[in-house]
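Worksheet: one structure, shown below.
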Amino acid sequence: MTNQGAQSGGMARLQLPNKEVELPIVIGTEDEHAIDVTKLRGESGYITLDEGYRNTGSVESKISFIDGEKGILRYRGIPIEQLAEHSTFIETALLLIYGDLPTADHLAQFRDMLIEHENIHEGMRHCFQGFPPTGHPMAILSSMINTLSCYNTDVLRMEEEGTFENAAARLISKIRTVAAAAYRTSSGMPLMYPDPKLAYCKNFLHMMFSLPNRAYEPDPDIVRALSLFLILHADHEQNCSAATVRMVGSSGANLFASCAAGVCALWGPLHGGANVAVIEQLQRIHASGTSIKELIERVKRKEERLFGFGHGVYKNYDPRAHILRDHAPKVLAKLGRQDPLLDIARELEEICLSDDYFISRNLYPNVDFYSGMLLRAMGIPVNMYTVMFAIGRMPGWIAQWKEVHDNQSRIYRPRQVYTGPPLRDYVPVEQRA
Ligand code: ACO
């Protein structure tokens, strides 16, 4: 069967040792060609082997599009550059989840739901006391997102119309409350309740930085920078965490549990955790006085990885890095601040982009290379960087989960080529060497 949505592009013929198999070619909206191998095993006994899935389209998806060679990213067809300039995070979230920009009424209604659900249950608030002060905010975040399954049992089963939207609004609203509480817990500060008078980004900054006896009034440029950061991180097709959310969701796991798994996948330094690794690497260069040339030589000798460079899909400049590269200095200038790490990053980029090691491997800055500069300007602590990424990515995870749910996808279950020992007998312990 040609999967729903893609165009038929004729047949591919695969010559196997004893047999020729015909496989359908499918073509996506942007002329991406794929061979549909769904029936290959049934017809030939063969499976495909593609470790790390780099050449495998695991799904047909309508959410975001990347052309890694050209450096293009679009959400539901709209270029990321246009959304970064004109949209808000909540509008972008609805675009990703439902496929179209929301009407003014839908946007207002969804914003009301975010306010309605911004608090977490008092019982959940007490859960934060169970974490040690040294607990990493990403560990706290993933645990607490999963804990939402215990406190929101009325929206776990999507049987009635409106339940999904209610669950989605709760997640997008509460992740902000949980994230701020995770930070306050890890720094020994009292938890702040959300303020229903404040819009999404400002409310988050309030919960992060206000004190019970001292209100925090963020600079409008910081609020806008946060919205931009969240928009740029909102989805990125079948990356490690989105694929995790889909995999978990395909088993029928609820939205909260599936997105908690996404948080865990995001934490790794090769994925969302890279935004921390970048800043730490730049800080090390700054503090130790290591020359950039020295670092690059170490990277070329494979003694170190240059964080914030390279990407599984982009073999060109990551368009999100372009936007952040331009925006971070503007925010710093408006706030009247300078950041020595920004100068180091720019010099590093300039040298790398003219070095054959990086050119020949198509290694360009990715989103994480400059995102830390913006977070530093906002006063976000380094251990919260990946949490910030998770807040931004939540709408994408929800959209990916919804696509699995709406399509009533079969449980995701890859196969393997077994390379372990052949059949052998159990040996009793006294006979083992
Ligand atoms: N620094 C130095 N060399 C690199 C880097 C890097 N950052 N990235 C790739 N290379 C080299 C590899 O050593 C390899 O060289 P070789 O051909 O001599 O063996 C070649 O480039 C290809 O590398 P792969 O690891 O095959 O590239 P892959 O596409 O699998 O990896 C990844 C992508 C994980 C992002 C990688 O580029 C990396 O580790 N980058 C640093 C971490 C990072 O910034 N991650 C964030 C990604 S964006 C995101 O998830 C939000």
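A 20 angstrom limit on the alpha carbon distance is what I want to check against. Which of 174/330; 70/334; 293/334; 19/39 exceed it? Show your work: numbers first, answer last.
Values: 174/330 30 Å; 70/334 32 Å; 293/334 31 Å; 19/39 14 Å.
Those over the limit are 174/330; 70/334; 293/334.
Quick one: accessible area per residue over the chain, 1.4 Å probe, rounded to a whole number of Å²? Mind showing how you got there, number by number?
Values: 21950 Å² over 433 residues.
Using a 1.4 Å probe on heavy atoms only, each residue of the chain averages 51 Å².
List the chymotrypsin sites (Phe, Trp or Tyr not before Pro) within the stretch 392-429 that DSSP assigns to loop and that have no more than 11 neighbouring Cβ atoms inside 10 Å. Kindly include the intermediate steps, with their values, before the conclusion.
Details: sites: 397, 401, 412, 418, 426; in loops: 412, 418, 426.
Hits after loop and neighbour filter: 418, 426.
Excluding residues fewer than 8 places away in the same chain, name every one of the aspartates and glutamates whose C-alpha is closer than 15 Å to that of residue 62.
Correct list for residue 62: 30, 31, 32, 100, 235, 237, 403, 406.
For the stretch 123-176, run through the GluC sites (Glu not before Pro) and keep only the ones in DSSP coil with at most 15 other Cβ atoms within 10 Å of their Cβ. The partial results should precede the final answer.
Working: sites: 159, 160, 161, 165; in loops: 159, 160, 161.
Listed in order of number, the matching sites are 159, 160, 161.
Note down the relative contact order for the stretch 223-308 as a percent, whole number, built from C-alpha pairs under 8 angstrom at least six residues apart. Walk me through the intermediate numbers first.
Working: 48 pairs, mean separation 16.6, N = 86.
Over the stretch 223-308, the number comes to 19 percent.
Can you pull the one-decimal nm distance between simple spin-label points at residue 51 and residue 18, each 7 Å off the Cα toward Cβ?
So the label points at residue 51 and residue 18 sit 2.8 nm apart.
With all protein chains present and a 1.4 Å probe, how do 219, 318 order by accessible area, largest first?
Working: 219 60, 318 0 Å².
Final ranking, largest accessible area leading: 219, 318.
Measuring from the lowest to the highest alpha carbon on each principal axis, how far does the stretch 264-346 reach, largest first, in angstroms?
Taking the Cα atoms of the stretch 264-346, the three principal extents are 38, 31, 27 Å.
Using all C-alpha to C-alpha distances in the stretch 86-144, build P(r) with 5 Å bins and read off the rounded percent in each one.
Calculated over all Cα pairs of the stretch 86-144, the distribution is 4, 15, 18, 14, 12, 14, 13, 8, 2 percent.
Counting Lys +1, Arg +1, Asp -1, Glu -1, what net charge surrounds residue 279 among other residues with beta carbon under 13 Å of its beta carbon?
Values: positive: 284, 376; negative: 280, 339, 368.
Result for the neighbourhood of residue 279: -1.
Enumerate the whole-percent occupancy of each 10 Å bin, from 0 to the last occupied one, for all C-alpha pair distances of the stretch 164-315.
9, 27, 32, 24, 8, 1
Nearest 0.05, what FRET efficiency do residue 288 and residue 69 give at R0 = 41 Å with Cβ-Cβ as r?
On the way: r = 37 Å, r/R0 = 0.89.
My answer for the efficiency is 0.65.
What is the distance, in nm, between label points placed 7 Å from the Cα along the Cα-to-Cβ direction at residue 297 and at residue 214?
4.7 nm
Computing the accessible area with a 1.4 Å probe over protein heavy atoms, can you report the carbon and sulfur percentage for the stretch 359-433?
The nonpolar share, carbon plus sulfur, comes to 51 percent.
What is the ratio of the Cα radius of gyration of the chain to 2.2 N^0.38 Å, where N is its residue count, to two decimals?
On the way: Rg = 23.5 Å, N = 433, 2.2 N^0.38 = 22.1 Å.
After normalising by residue count via 2.2 N^0.38 Å, the value is 1.06.
Please report Rg over Rh for the stretch 4-133, where both radii come from the alpha carbon positions and Rh follows the Kirkwood definition. The partial results should precede the final answer.
Values: Rg = 22.4 Å, Rh = 19.3 Å.
Using Cα coordinates only, the ratio equals 1.16.
What is the chain's relative contact order, in percent, from Cα pairs under 8 angstrom and six or more apart in sequence? Could the numbers behind the result be given before it?
On the way: 581 pairs, mean separation 80.8, N = 433.
Relative contact order, the chain: 19 percent.
In the Gaussian network model of the chain, springs joining C-alpha atoms below 10 Å, which of 25, 97, 66 carries the largest mean-square fluctuation?
25
Using only Cα atoms, locate the centre of the stretch 204-244 and the centre of the stretch 146-170, then give the distance between them in Å, rounded to an integer.
Cα centres, the stretch 204-244 to the stretch 146-170: 23 Å.
The values are calculated or read from the model by the stated rules, or taken from the named source; none is laboratory data. Remember, it's a predicted structure, so these values are computed and weren't measured experimentally. Note that each Cβ is placed from the backbone with ideal geometry, even for glycine, and that neighbours are counted across all protein chains shown. Remember, those area values only see protein heavy atoms, side chains included, never the ligands or the DNA or RNA. Shrake-Rupley method; radii C 1.70, N 1.55, O 1.52, S 1.80 Å.
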